[in-house]
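Notes for the one structure printed next.
The values are calculated or read from the model by the stated rules, or taken from the named source; none is laboratory data. Because the structure is a prediction, the values reported are computed rather than measured. Ideal geometry is used to build each Cβ from the backbone, glycine not excepted, and the neighbour counts take in all protein chains shown. Ligands, DNA and RNA are stripped out before the accessible areas are found, and what is left, the full protein with its side chains, is counted by its heavy atoms. Shrake-Rupley method; radii C 1.70, N 1.55, O 1.52, S 1.80 Å.
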Amino acid sequence: MRKPLLLREPSVMIFISLLAAFTLIVTVLSEGFGLGLVSTSMIKILGKTLCLCLIAIAMDLVWGYCGILSLGHFAFFGLGGYMIGMWLMYERTKDIVLGSLAGGALPATPQEIEDAIGTQIFGVVGGSEIPAIWYFADSLAAQLALVVLVPGLLALVFGWLAFRSRVTGVYLSILTQAMTLALSLYLFQNDSGLRGNNGLSGLQNLPGLTDVPQSIVSVWFFLASALALGAGYLIAAYVVSGKFGNVIRAIRDDEARIRFMGYPVEAYKLVVFTLTAVIAAIAGALYYPQAGIVNPAEIAPIASIYLAVWVAIGGRGRLYGAVIGAALVSLLSSWFTGGQAPSIPLGIYTIDWVDWWQVLLGLGFVLVTLYAPNGIGGLVDRLVRKDAS
Amino acid sequence: MKTTKTLRIAAAAALMTTTLLTHSAYAEDDTIKIGVLHSLSGTMAISETTLKDTMLMLIEQQNAKGGVLGKKLEAVVVDPASDWPLFAEKARELMTVQNVDVMFGCWTSVSRKSVLPVIEELNGLLFYPVQYEGEESSKNVFYTGAAPNQQAIPATDYFLEELGVEKFALLGTDYVYPRTTNKILEQYLKDKGIAAEDIFVNYTPFGHSDWSKIVADVVALGADGKKVGVISTINGDANIGFYKELAAAGISADDIPVVAFSVGEEELSGLDTTNLVGHLAAWNYFQSAESPANAEFIEQWKAFAGEERVTNDPMEAHYVGFNMWVNAVEAAGTTDVDAVRTAMYGQKFPNLTGSEAEMLPNHHLTKPVLIGEIQSDGQFDIVSQTEPVPGDAWTDFLPESKVLEADWKELGCGMYNTETKTCVQLGSNY
Amino acid sequence: MLRTVYLILALSLLLVPARAQDSDLNALIETHRSDIEKPSRRTIGPVLDELVASGLPGVAVFLEHWREKKLWQRKSDGRFFFIEERDDGSIGLVDVDSGAEMGAAAKDGITNLKPNSGVRSMIASALVQFQLSDPDPQRRAQALTALERDPDASHLGVLRAAIDNETDPGLRARKERLQRSLTIQFGSDPATRVAAIESFAGDAGVDARAAINPLLATRVEVFDVIPDDLNIARVLEPGDDIAAEAAYQLLVEAGKARPIVALDARKQALIANLDDGAVGGVPVAELDTQAARDRAYQALAGAGAVPPLVTEAEQRAALEGHVFAEVYLEPDATLTAAARATLSDISSTVGFYRFIDLVLDGLSLASIYFLAAIGLAITFGVMGVINMAHGEFIMIGAYTGYVVQQVIPDYTTSILVALPLAFAVAFMAGVALERLVIRHLAHRPLETLLATFGISIALQQIAKNIFGTQARPLTAPSWLDGAWVINDVVSISHIRIAIFVLALIFLGLLLFILNRTRLGLEVRAVTQNPRMASSMGINPDRINMLTFGLGSGIAGIAGVAIGLFAKVTSELGSGYIVQSFMTVVVGGVGNIWGTLAGAGMIGSLQKLIEFFNPSNTLAAQTYMIIFIIIFIQFRPKGIIALKGRAAGD
């Protein structure tokens, strides 16, 4: 009789309670629901950060535990955003269109409604037809299913092709990067039917709920993100704690040996790759309604590399490490580029953080890789171990 | 043991949270805050940093004159890093955390579309200084750059009438502005009797550098004996490779003229222009425009930013927009958005090319259209200058927007259907 | 009418007695002052004709000055002058007719007239007859260029007359060629025109096609029966050669069929016939489907309130009852037949040349990819690490070139200095990176990848902070300007040729170093088995450092080359990094020939896809990457895979 997960892994318990406490405090302090000490824009930043933490967990699972350095998980994240964005955009536009057509002399025909929606959505990119891929955009349930299905299938097919032909190591990293680049270039095209470079915008406005102020909506999404992060953390912790976790760790450490032991390495890798892609997609579907706009630039290969950087700084092979890394780096980055960080005057030259933050990040990252390969999570571990002894 | 450790981590986390949450939220009453929302890093930094500097200069000058309403102006500069969602985030931050009274910013259309829902929700005010594709009139945005009828259409007329171009190559970067502009131009050219097969359209990605094939395609267009002209909406640094390839192919402006809508003095400063002499650009302002106001502006700019710096059209747009805003605030006696907005209509301010700009009720300016030929020193010879043209939010050359009109003063609507006499919608499309 | 003109002329002469002593040319241009001040292509034609027709001696000089933006106008009285800069810095006015000194002028008292290029080309065209037989060959060439751009019927005679006494063989050939093409366009005798057309068979020049193609212009017409006296290009079958809707529209326009009532017009008709909450007996609330609306409309049509709908059967019958045909605008069938035959001959030639051009483009792109990727391939092959900062070494090279050009203004010298210097700078940066970072991450390839990525973002931002976000110019020396033009279809710019040559040089150099030198031997040994190599007395650390430096140095040189044909920005390198990875992966690791094959494949593939999909360069790149992903399925180790121990991961 094994102990339940929460007791077996104290870090899970701690994390969940911290997350719950944090969520509760922020909600109580928020503009929409409580004391108004935390601004709506801060709620949105925090909510988005939680989504980034979730995708960082996915990244940690696939890289830190299974040893697959995927430089493509942001593609799944973005796709998730696109899928939910299609519904948000279509429905919002439909509401507007129905409102303006209601004043006509004759009631509108379905064709007229569709034409008007098409003109509204695609007018800015020089079109008016609704492409076939928007077929399900009218149905929330279908698009929610697509949030999981589209990135999941992409990951499944890509992973099957890649693992089958034994592409490993840096080769695989480059291949995932190529996939991401191909996807973002494809979406950059207008002909892809997802508004090209413009992407899908205005996603923060929920269809049918236009009267609800953003201060409330932002808290809803913040709570949803916290819930998803908690669930994601539990699932990931469960996956890595059992025998499955041992096998994937073994694949990371010595793939050939575990294959000789008779384990279907490719199948394990494929499961992890697809599962993490789905987690990433769900994170994206929660992230972009808070960001307000999803477009191909989000999917660019560099975003996925940054994701690896977060996980590395936070500490690989530790789920809380991924969370710490993602939260710390993205919040710091937001602070430094926000123009509020004080400049440092050095007499002849003033260090302006807007200019130098990237340098700091890059070099800091090199230092972490060199001297703290286990990242911040590793430092936490060391602290804990000292305490325990 | 375990609990102390838990407590310690919890305390650290709580501390971090509180510092993160409470660092902002203070406002001084004796200043008027102006948000500057231009990318200082990423791909658009190349164009937008100049506009940030322009704003800082204008604000400094205004403060030297005593500020506005007896208060000093304070610039709040943020960096949206050419990341479109970040524009929305930073705009919200500027309006709700920093409590700015007005924002000057954005360059690409997609960044504007990203900001639109936020400023419409929070009833903010944005001055957008770049030529754009039109088909929009938001209550909360003043468009100080050119609408298509103030740049693209006159330039096309110039091609048709002055250069006798019969076949058009519309080359653009693949994004909203070129797409919509080319759609309008295609329709316009067809209305002018140009056959569909005489219009060649090509889109390239941002930062495209391999132009040999496309230039060869354009040359091949001349095979049916018609004069070919290129209308370029190529954006940013992709232009450099394009012009280098044109020059290498030995295509002179007399053979195949190129008129660009996104190439100004700033872009040419990265280029040796001897081989580009005679190619064209259409703007509402050139540094070479002769007027005392312009001479003064250039002198101030060089003193502020450096002797080698040049001025360009979006800078003039900010110059006009900022001064109009100052005058509107003085007229309204407050920085309240709705009061300032009402005071903006009909505001007049001399632009740098010698005529007078007027803010129209559709939130666009009247602007003269200038066409310049590139000179070997990277400046433009102005070969055509019109009287100020009123900016048209909804183009007259597309059937679906022909019937639309924007008038925030009388009709209180940015999308008014003149046929059915109804306001189609109050919010903008984004 | 004529009388009025005379009256105005007389009056104007009376009003300006001061000008009476003016020379004829001055008087003539004075009468057209406003047109000359603000010339437009639409209005300047008659003025030019009159100037030329006047036969005055100064006209040619005047027109030349005007075209070259050397004509000035005095603000006080609007009179036109040439100017000359005097030694003391002041400006002297020169009379346009006599060339006599007319005193000095203040700089702000005169304006320079700058006709736009449309007007300039018309002036050039008017100048043709003066210049075509000019003793100065340069002027004659200028006239020919003007004529090539903007010919008209009147030039044919002048040109024919100017051929015989042409001494310069190059110009003579141009004149003869031009004469043939003008004959096609403006000739009067069909036989000579046909001969001229046929003389261009197999000629790839754009001008040849430009002269012949207009002869084949057609329009689509509709007939009951095709008349015999028309020059018919082909008969069109509705539905196949011409869309049925378009064909029907033609019938409507010709008054041979009833117009179709458009959907929108039908809706308007319904609205107009709204009667007590119903239309044609159908309640308004039910009109939310097209079927219901059609029903209502038919009810209205039955009552005669609106024109009845055109049924499909009626449309089909109308189409079947008529013949649609493309008719040549040129009535002479012998001319169009000759033009058609010649053009089809030309098009097969052009097709061939286009293929050659495609190959050249592909080669050029491949050589760029090769240069960008070869450094990466070496380091990847020897050390098994991916250097994400490789793109930034390319950037460093490009900026080195820029800085050198700031110091050495002569472009040729500066490029010659920049190439080795870029190598040296990037070499040192590479060595530093190897010693400081990569060495400490030995056997951890994924960490190396990420650490070098950190270096990459830091370097990019540092470059931005130093050089600004603006693109910086890196200008090629003038001998690299221009292109190697074989004909109007096949041409390749000199810079691209230079890059190609550079790639060849490096290919040779690297092959030499790897196969013929001690260093190369050691590098190969370390590549194949580092441990064994080390036990044979080779110091792998030193080899790693040198290889990394070498790879980075080549990236630096690639940076100069890429900067020459594109732009120098801090993002220059990152644009090539993914392509470089692909090149290495597709080609196979640790092998120069592999990289060459990879670059060749990717370059030509990209051009091939662009060729099939010319209007969308983005799609070409997407398809190419997908192709690579699939390719790697079949050859996971690349085109040229290493064998033996080195092939292990």
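In the range C:71-108, of all residues being of a type in the set (Lys, Arg), free of Cβ contacts under 8 Å to residues at least 40 places away in the same chain and part of a loop (DSSP other than H, G, I, E, B), the one that is least open to solvent (accessible area, probe 1.4 Å) corresponds to C:86. State all residues of the range A:150-184 that are without any contact (Cβ under 8 Å) to a residue 12 or more places away in the chain and within 14 Å of chain B (Cβ to nearest Cβ); if no residue qualifies, say none. A:182, the sole residue that qualifies. Note on the range B:169-205: residues that are more than 11 Å from chain A (Cβ to nearest Cβ) and either open to solvent by 10 Å² or more (accessible area, probe 1.4 Å) or more than 19 Å from residue B:235 (Cβ to Cβ) (or both) total 13. Tell me, please, whether a residue that is in contact (Cβ under 8 Å) with a residue 60 or more places away in the chain, away from every other protein chain (no Cβ under 14 Å), not in a helix (DSSP H, G or I) and not aromatic (Phe, Trp, Tyr) can be found in the range A:126-141. Checking the range A:126-141: at least one residue is in contact (Cβ under 8 Å) with a residue 60 or more places away in the chain, away from every other protein chain (no Cβ under 14 Å), not in a helix (DSSP H, G or I) and not aromatic (Phe, Trp, Tyr).
Of the candidates C:161, C:126, C:146, the single residue that is out of contact with any His (no Cβ under 8 Å at 6 or more places or on another chain), surrounded by 17 or more Cβ atoms within 10 Å (Cβ to Cβ), more than 10 Å from chain B (Cβ to nearest Cβ) and of a type outside the set (D, E, K, R) is C:126. Residues of the range B:399-427 that are facing another protein chain (nearest Cβ under 9 Å) and open to solvent by less than 50 Å² (accessible area, probe 1.4 Å): B:401, B:415, B:417, B:424, B:425, B:427. Between C:459, C:416, the distinction of being in the same structural domain as residue C:569 (by TED's automatic domain parsing), of a type outside the set (Gly, Ala, Ser) and without any contact (Cβ under 8 Å) to a residue 60 or more places away in the chain belongs to C:416 only. Listed by position, the helices (runs of 4 or more DSSP H) inside the range C:186-292 whose residues that are within 14 Å of chain B (Cβ to nearest Cβ) number at least 3 are C:206-212, C:263-272.
Residue-by-condition table, conditions (1) open to solvent by less than 30 Å² (accessible area, probe 1.4 Å); (2) more than 10 Å from every other protein chain (Cβ to nearest Cβ):
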site	(1), (2)
B:227	no, no
B:236	yes, no
B:296	no, yes
B:311	yes, yes
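Any idea how many residues of the range B:276-291 are within 13 Å of chain C (Cβ to nearest Cβ), of a type outside the set (D, E, K, R) and surrounded by fewer than 22 Cβ atoms within 10 Å (Cβ to Cβ)? Adding up the residues that qualify gives 3.
May I ask you to verify whether residue B:219 is open to solvent by 20 Å² or more (accessible area, probe 1.4 Å), assigned by TED's automatic domain parsing to the domain that holds residue B:162 and within 16 Å of residue B:172 (Cα to Cα)? No: the conditions fail for residue B:219. Looking across the range C:427-446, the residues that are surrounded by 15 or more Cβ atoms within 10 Å (Cβ to Cβ) and not in a helix (DSSP H, G or I) come down to C:437, C:442, C:444. Considering the range C:578-617, and only residues there that are of a type in the set (S, T, N, Q) and closer than 25 Å to residue C:505 by Cβ, the residue that is surrounded by the fewest Cβ atoms within 10 Å (Cβ to Cβ) turns out to be C:604. Residue C:538: surrounded by 24 or more Cβ atoms within 10 Å (Cβ to Cβ) and touching a helix residue (DSSP H, G or I) at 6+ places or on another chain (Cβ under 9 Å), yes or no? For residue C:538, the condition - surrounded by 24 or more Cβ atoms within 10 Å (Cβ to Cβ) and touching a helix residue (DSSP H, G or I) at 6+ places or on another chain (Cβ under 9 Å) - is not met. Taking the range B:253-302 only, how many residues are over 14 Å from residue B:372 (Cβ atoms) and among the hydrophobic types (A, V, I, L, M, F, W, C)? Looking only at that region, the number is 7. Can you tell me which of C:546, C:514 is modelled with pLDDT of 90 or more and among the aliphatic types (A, V, I, L, M)? Of the residues listed, the single one that is modelled with pLDDT of 90 or more and among the aliphatic types (A, V, I, L, M) is C:546. Filtering the range B:136-154 down to residues that are buried (at least 24 other Cβ atoms within 10 Å of the Cβ) and assigned to a helix (DSSP H, G or I), which residue is farthest from the other protein chains (Cβ to nearest Cβ)? For the range B:136-154, the residue satisfying everything is B:150.
Matching residues to (1) among the aliphatic types (A, V, I, L, M); (2) on the phi < 0 side of the Ramachandran plot; (3) under 12 Å from the mean Cα position of the chain (by Cα); (4) within 9 Å of chain B (Cβ to nearest Cβ):
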| site | (1), (2), (3), (4) |
| --- | --- |
| A:302 | yes, yes, no, no |
| A:312 | yes, yes, no, no |
| A:315 | no, no, no, no |
| A:326 | yes, yes, yes, no |
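Any chance the range C:468-487 includes a residue that's more than 8 Å from chain A (Cβ to nearest Cβ), out of contact with any Ser or Thr (no Cβ under 9 Å at 6 or more places or on another chain), outside any helix (DSSP H, G or I) and acidic (Asp, Glu)? No, every residue in the range C:468-487 fails to be more than 8 Å from chain A (Cβ to nearest Cβ), out of contact with any Ser or Thr (no Cβ under 9 Å at 6 or more places or on another chain), outside any helix (DSSP H, G or I) and acidic (Asp, Glu). The residues on offer are C:514, C:480, and the sole one that is open to solvent by 30 Å² or more (accessible area, probe 1.4 Å) and either touching a residue at least 60 places away in the same chain (Cβ under 8 Å) or among the aromatic types (Phe, Trp, Tyr) (or both) is C:514.
For the range C:33-47, the count of residues that are buried (at least 16 other Cβ atoms within 10 Å of the Cβ), over 35 Å from the mean Cα position of the chain (by Cα), modelled with pLDDT of 85 or more and not basic (Lys, Arg) is zero. The helices (runs of 4 or more DSSP H) falling completely within the range A:154-262 that include 2 or more residues that are under 18 Å from residue A:284 (Cα atoms) and modelled with pLDDT of 90 or more map to A:169-188, A:214-241. On the given criteria, is residue B:320 modelled with pLDDT of 95 or more, more than 19 Å from residue B:145 (Cα to Cα) and of a type outside the set (Gly, Ala, Ser)? No: the conditions fail for residue B:320.
Of the helices (runs of 4 or more DSSP H) that lie entirely inside the range A:1-114, those containing 2 or more residues that are among the polar types (S, T, N, Q) and within 29 Å of residue A:210 (Cβ to Cβ) span A:10-29, A:40-59, A:73-101.
Within the range A:264-284, one or more residues are within 14 Å of another protein chain (Cβ to nearest Cβ), in a helix (DSSP H, G or I) and under 14 Å from the mean Cα position of the chain (by Cα). Screening residue A:64 on (1) surrounded by fewer than 23 Cβ atoms within 10 Å (Cβ to Cβ); (2) touching a residue at least 40 places away in the same chain (Cβ under 8 Å); (3) within 14 Å of chain C (Cβ to nearest Cβ); (4) of a type in the set (Gly, Ala, Ser) shows it passes everything except condition (1).
Restricting the range A:364-389 to residues that are at the interface with chain C (Cβ under 10 Å from one of its Cβ atoms) and over 16 Å from residue A:310 (Cβ atoms) leaves a set whose member that is most open to solvent (accessible area, probe 1.4 Å) is A:371.
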